[in-house]
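Here is the structure we will look at, set down as structure tokens.
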Amino acid sequence: MENQIVNGSSHGSSFSALNCIDLSNPDIEHSVSLLKQACLDCGFFYVVNHGINEEFMDEVFHQSKRFFNLPLDEKMKLLRNEKNRGYTPVLDEHLDSENQVHVGDYKEGYYIGVEVPEDDPEVEKPFYGPNLWPEQDKLSGWRETMERFHLEALEVARAVGRIIALALGLDKNFFDKPEMLGEPIATLRLLHYGGQVTSDPSKGIFGAGAHSDFGLITLLATDDVLGLQICKDKDAKPQVWEYVEPMKGAFIVNLGDMLERWSNCIFKSTLHRVLGNGQERYSIAYFVEPSHDCLVECLPTCKSEKNPPKFSPILCRTYLSQRYKDTHVDLNIYKEHQT
């Protein structure tokens with residue numbers, strides 16, 4: 001596997017060249033070097049040989065399609081709740097209020113978090129709770145597939161976290177602590193872009209508006225339909241957007257805002273968006289944040305007298321609650337339509 005994937009421009013648009021991290025490579029220093037370069041440059045990279053086999057990944061996509069093919073009234077029975085579990089309809093999320101002149105993203109999704117029983121004391125916390133599951137007779141095997149993927153993807157995230165820790169000059173197991181990735185807020189989100197609406201940035205129409213992710217890292221698996229774009233310099237005028245080429249069997253990994261805070265902006269949380277081109281597109285995102293009570297504050301290796309902390313310490317639950325509130329429709333709107 002090449003260390004860097006340089007994409008062509010056969011679609012008439014520029015493509016980003018992303019480093020490729022091979023998790024099976026015994027030369028950890030080489031992986032650290034590639035990852036560090038990617039985190040300083042664009043905050044995006046590929047991960048291959050991650051341990052989740054392609055047959056199973058194909059099954060996850062198959063099961064995702066089965067759900068999204070259900071009638072809308074069946075999906076709405078599983079509408080997301082206040083714990084951010086369940087179905088998110090088209091236009092439910094509004095990621096770029098500055099440029100999205102329409103009411104939201106032209107995508108639908110489904111949130112699956114870490115399963116916490118209703119009678120567990122932890123359920124009182126904002127992002128912990130039981131998941132919403134389709135009825136077994138409608139989607140047999142669906143829950144089992146998603147629960148298995150959730151567990152396997154978390155192990156991939158932990159492996160990437162160890163390389164990130166080394167790249168930041170920390171102990172390899174820094175992010176494995178219980179308050180971090182030992183007991184994380186990890187959220188699987190199935191996504192479907194229907195293809196009925198073609199994106200037009202000049203008119204504020206997007207599959208997913210420009211945003212940076214909220215947490216530590218995101219693992220993204222996609223089908224072979226082009227759509228994801230990144231902007232390496234969010235302050236540039238005008239902004240330059242590059243496509244990220246889908247890669248079969250790989251995760252596209254990007255850094256979240258929380259890691260940017262932790263690293264005192266040394267590592268980048270990069271703007272990205274999705275443009276729809278009239279084709280259906282499916283992707284599977286796995287968002288990884290530290291535990292509910294984790295205090296996110298500048299890492300010791302990322303500050304000095306000349307580079308003091310740029311952000312005040314903040315609890316993970318406080319930060320995430322505000323970010324979700326800012327980007328999702330108020331659930332009361334759905335209740336009003338149902339009455």
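The values are calculated or read from the model by the stated rules, or taken from the named source; none is laboratory data. Values in this document were obtained by computation on a predicted structure and should not be read as measured data. Cβ: placed from backbone, ideal geometry, glycine included. Neighbour counts: every protein chain shown. With ligands, DNA and RNA removed, areas are computed over all heavy atoms of the protein, side chains included. Shrake-Rupley method; radii C 1.70, N 1.55, O 1.52, S 1.80 Å.
Looking at the stretch 297-328 only, could you name the residues that are open to solvent by 80 Å² or more (accessible area, probe 1.4 Å) and either in a strand (DSSP E or B) or polar (S, T, N, Q) (or both)? Show your work before the answer.
From the stretch 297-328, those open to solvent by 80 Å² or more (accessible area, probe 1.4 Å) are 297, 300, 303, 305-306, 310, 312, 322, 325-326; that's our starting set.
Passing the criteria: SER312, GLN322.
Given the structure, is ALA285 open to solvent by less than 50 Å² (accessible area, probe 1.4 Å), at pLDDT below 90 and not β-branched (Val, Ile, Thr)? Can you show your working first?
Details: open to solvent by less than 50 Å² (accessible area, probe 1.4 Å): yes; at pLDDT below 90: no; not β-branched (Val, Ile, Thr): yes.
It is false that ALA285 is open to solvent by less than 50 Å² (accessible area, probe 1.4 Å), at pLDDT below 90 and not β-branched (Val, Ile, Thr).
Checking TYR106 against (1) over 18 Å from the mean Cα position of the chain (by Cα); (2) open to solvent by 50 Å² or more (accessible area, probe 1.4 Å); (3) among the hydroxyl-bearing types (Ser, Thr, Tyr), which test does it fail?
That leaves (1) as the condition not met.
Within the set of pairs 6 or more residues apart or between chains, which connect a residue that is farther than 10 Å from ARG158 by Cα inside the stretch 168-181 to a residue that is open to solvent by 40 Å² or more (accessible area, probe 1.4 Å) with Cβ atoms less than 7 Å apart?
Note: pairs meeting the criteria are LEU168/THR301; GLY169/THR301; LEU170/THR301; LYS172/ARG162; LYS172/LEU166; GLU179/ASP293.
Considering only the stretch 217-280, give the strands (runs of 3 or more DSSP E) lying wholly within it that have at least 3 residues that are open to solvent by 10 Å² or more (accessible area, probe 1.4 Å).
Details: elements: 217-222, 228-231, 251-255, 271-274.
Qualifying strands (runs of 3 or more DSSP E): 271-274.
For CYS294, work out the one condition from (1) surrounded by fewer than 23 Cβ atoms within 10 Å (Cβ to Cβ); (2) farther than 23 Å from TYR87 by Cα; (3) not small (Gly, Ala, Ser) it doesn't fulfil.
(1)
Given the criteria over 25 Å from GLY227 (Cβ atoms), open to solvent by less than 50 Å² (accessible area, probe 1.4 Å) and basic (Lys, Arg), does LYS125 qualify? Talk me through it step by step, then tell me what you get.
Values: over 25 Å from GLY227 (Cβ atoms): yes; open to solvent by less than 50 Å² (accessible area, probe 1.4 Å): yes; basic (Lys, Arg): yes.
Taking the combined requirement at face value, the residue satisfies it.
Would you kindly identify the helices (runs of 4 or more DSSP H) lying entirely within the stretch 1-86 that contain at least 2 residues that are among the aromatic types (Phe, Trp, Tyr) and either open to solvent by less than 30 Å² (accessible area, probe 1.4 Å) or at pLDDT below 95 (or both)? Step through it out loud before you land on a result.
Values: elements: 28-41, 54-68, 72-76.
Because the criterion is at least 2 residues that are among the aromatic types (Phe, Trp, Tyr) and either open to solvent by less than 30 Å² (accessible area, probe 1.4 Å) or at pLDDT below 95 (or both), the helices (runs of 4 or more DSSP H) in the stretch 1-86 that meet it are 54-68.
Just to be sure I understand, how many residues within the stretch 186-207 are charged (D, E, K, R) and either in a strand (DSSP E or B) or at pLDDT below 85 (or both)?
Of the stretch 186-207, the ones charged (D, E, K, R) are 189, 200, 203.
Now drop any that are not either in a strand (DSSP E or B) or at pLDDT below 85 (or both), which leaves 189, 200.
Of the residues in the stretch 186-207, 2 are charged (D, E, K, R) and either in a strand (DSSP E or B) or at pLDDT below 85 (or both).
Restricting the search to the stretch 133-185, which residues are part of a loop (DSSP other than H, G, I, E, B), of a type in the set (Lys, Arg) and closer than 17 Å to GLY215 by Cβ?
First pass over the stretch 133-185, keeping only residues part of a loop (DSSP other than H, G, I, E, B): 133-141, 168-173, 177, 183-184.
With the extra rule that they be of a type in the set (Lys, Arg), the set shrinks to 138, 172, 177.
Of everything in the stretch 133-185, just one residue is part of a loop (DSSP other than H, G, I, E, B), of a type in the set (Lys, Arg) and closer than 17 Å to GLY215 by Cβ, namely LYS177.
Looking at ILE217, ILE185, which is the one that is under 25 Å from PHE149 (Cα atoms) and touching a Pro at 6+ places or on another chain (Cβ under 8 Å)? Show your work before the answer.
Numbers: ILE217 fails: touching a Pro at 6+ places or on another chain (Cβ under 8 Å).
After applying the criteria, what remains is ILE185.
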